[in-house]
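Participant: One structure is given below, represented as structure tokens, and several questions about it will come after.
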Amino acid sequence: MKSLKKFRTQWVITTSLGYLLGFLSFILISAVASSIAPEAMADINRADIPQQLDPENLPDWLDRSTYEALYWHNLWKHLIMYPVFGALLGSLQSLVLKKYILKVWPWILASTFGFLIIISGELIQRHLVMGPHAGPVEPIFIVLGGGGFMGLFQWYWLKTQNIRATKWLILWISGIILGIIVAIAFLMGLGALIGDAIASLEENAPKVAFGIELGLFGAVTGAVAGWISAKPLYQKLVRRK
């Protein structure tokens, strides 16, 4: 039986790595999707697209049909990205849980569906899928929304296994919120320390810079959420054993 210290270390590592790889998968999937973009988008310079587009007040250079092509292309791209993100995170966490729970595939499924369901928010608020890159809003939307729904579905599944983990769910969501704050503070501090190097990288290799920023944001958020939520989950799993 693992000690709490060992469990927490492994939980932090797998959760942090899951968020990191989840965001890096975004970059890979986005690159592939860009190569098969609709013909209507061929003449669009992605760098010129605002991070948020108001469908009722489009810029002069963007006609309605091109806007619709851009929106649906991004939406279908996210329809692939989100479940991949959830599956990666859930699969890594399941490596820690498999010594306590006989069947871990429902945990992975709950994680996958938890991230997939946030696509409904993008059907309501179109600006969440528009823009040349994720911008400041979407990573928070993904981490908090996907992580929150993921935790809710996992909590329900644990309940069906006679594991009442309400405290874990509360601390998991609280950990995500705190993790976002810590991650933003970390990136701001990093910018203050090596701002010139970051600016140079953003100018010469913007996609690489964006990938690093997303990866660090995810890794820090995941580490904090994992640390805060580890103890109540461990206690429930040990009691069940």
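A quick yes/no check of all residues on (1) outside any loop (DSSP other than H, G, I, E, B); (2) among the aromatic types (Phe, Trp, Tyr):
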{"residue": "Trp155", "(1), (2)": "yes, yes"}
{"residue": "Lys159", "(1), (2)": "yes, no"}
{"residue": "Arg164", "(1), (2)": "no, no"}
{"residue": "Val182", "(1), (2)": "yes, no"}
{"residue": "Ala185", "(1), (2)": "yes, no"}
{"residue": "Leu193", "(1), (2)": "yes, no"}
{"residue": "Glu202", "(1), (2)": "yes, no"}
{"residue": "Phe217", "(1), (2)": "yes, yes"}
{"residue": "Ile228", "(1), (2)": "yes, no"}
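Participant: Where residues in the range 7-28 are modelled with pLDDT of 95 or more and over 12 Å from Ala219 (Cβ atoms), which of them is surrounded by the most Cβ atoms within 10 Å (Cβ to Cβ)?
Facilitator: Among those that are modelled with pLDDT of 95 or more and over 12 Å from Ala219 (Cβ atoms), it is Trp11.
Participant: Now, a different point. Could you check the range 169-209 and list, in sequence order, the residues that are of a type in the set (Gly, Ala, Ser) and at pLDDT 90 or above?
Facilitator: Listed by number, the residues that qualify are Ser174, Gly175, Gly179, Ala183, Ala185, Gly189.
Participant: Give the residue that is surrounded by the most Cβ atoms within 10 Å (Cβ to Cβ), with candidates limited to residues of the range 216-241 that are in contact with a helix residue (DSSP H, G or I) (Cβ under 7 Å, 6 or more places away or on another chain) and more than 23 Å from Ile140 (Cα to Cα).
Facilitator: Within the range 216-241, the match that is surrounded by the most Cβ atoms within 10 Å (Cβ to Cβ) is Leu233.
Participant: From Ile176, Ile142, grab the single residue that is touching a residue at least 40 places away in the same chain (Cβ under 8 Å), within 12 Å of Ser229 (Cβ to Cβ) and part of a helix (DSSP H, G or I).
Facilitator: Numbers: Ile142 fails: within 12 Å of Ser229 (Cβ to Cβ).
Step by step, each of Ile176, Ile142 is checked, and only Ile176 is touching a residue at least 40 places away in the same chain (Cβ under 8 Å), within 12 Å of Ser229 (Cβ to Cβ) and part of a helix (DSSP H, G or I).
Participant: Here is a follow-up. Looking only at the range 138-167, which residues are modelled with pLDDT under 90 and among the polar types (S, T, N, Q)?
Facilitator: Gln161, Asn162
Participant: With in contact with a helix residue (DSSP H, G or I) (Cβ under 7 Å, 6 or more places away or on another chain), over 21 Å from Ile180 (Cα atoms) and surrounded by fewer than 22 Cβ atoms within 10 Å (Cβ to Cβ) as the only criterion, which of Glu202, Glu213 stands out?
Facilitator: On the way: Glu213 fails: over 21 Å from Ile180 (Cα atoms).
Step by step, each of Glu202, Glu213 is checked, and only Glu202 is in contact with a helix residue (DSSP H, G or I) (Cβ under 7 Å, 6 or more places away or on another chain), over 21 Å from Ile180 (Cα atoms) and surrounded by fewer than 22 Cβ atoms within 10 Å (Cβ to Cβ).
Participant: Also: Look at the range 98-112 and say how many of its residues are surrounded by fewer than 20 Cβ atoms within 10 Å (Cβ to Cβ) and of a type outside the set (Phe, Trp, Tyr). Explain how you work it out, then say what you get.
Facilitator: Narrowing the range 98-112 to residues surrounded by fewer than 20 Cβ atoms within 10 Å (Cβ to Cβ): 98-106, 109.
Next, only the ones that are of a type outside the set (Phe, Trp, Tyr) stay: 98-99, 101-104, 106, 109.
Going through the range 98-112 one residue at a time, the tally reaches 8.
The values are calculated or read from the model by the stated rules, or taken from the named source; none is laboratory data. Since this is a predicted model, take the numbers as computed values, not measurements. A quick note on method: Cβ atoms are made from the backbone with ideal geometry, for glycine too, and the neighbour counts reach across all protein chains shown.
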